Amino acid sequence: MLAALGFDALLSDLDVRRIVDLRVAPSFLRLGLRGREFVRRAEHFGADYIHLAALANRFAGESWDGERYRQRLERHYQENWEAVAQLRGLVEDGPVLLITAERSGLEQELLLGALGRLSPGFEVRELAGT
């Protein structure tokens, strides 16, 4: 439950308006919460929870070939341009806490690049999870 208290402070301190989850299979057990409990807690702090499955990285660990991985992920964002545009709109509306499956520099680079091509001019703060 201590992890959940840290989550509460994060939402409050950053005035998060939306939590956008890009994981294939969201789980909040690390915070000691089940899915519905997580959503209720987020709503308590004024944040909406959105699982944007269309942008989930289904390719992590699929290939040891870094260039092939990059190409598949780039193509994935291009093919799901509407979901990228939806995410960009959410970012424009206010602070967004983005949850990804793992800290992937490449995934972050490509996603931020896709968002920036739609409309540059947003701030990114990286928060490391536990």
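Any read-out appearing in this document is the output of simple, stated calculations on the displayed coordinates, not a laboratory observation. What you are looking at is a predicted structure, and each value in this text was computed from that prediction instead of being measured. Positions of Cβ are generated from backbone atoms using ideal geometry, with glycine treated the same way; all protein chains shown enter the neighbour counts.
Results, tabulated for the structure shown:
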quantity	calculated
Cut-off under 5 Å, modelled amide H: who pairs with Tyr49 long-range	Ile19
Rounded to 10°, Cα long-axis angle of helix 81-93 versus longest principal axis of the chain	40 degrees
Estimated 222 nm signal from helices in the chain, with DSSP H stretches of n ≥ 4 weighted -39500 (n - 2.57), rounded to 500	-15500 deg cm²/dmol
Residues Asp13 and Glu109, FRET efficiency given R0 of 25 Å [Cβ-Cβ distance, rounded to 0.05]	0.40
Residue among Val20, Val96, Val39 with the largest mean-square fluctuation in a Gaussian network model of the chain, springs linking Cα atoms under 10 Å	Val39
Nearest-ten-degree value, helix 2-14 long axis tilted from longest Cα axis of the chain	80 degrees
Protection proxy ranking of 44-54, 23-33 - average other beta-carbon atoms within 10 Å, highest first	44-54, 23-33
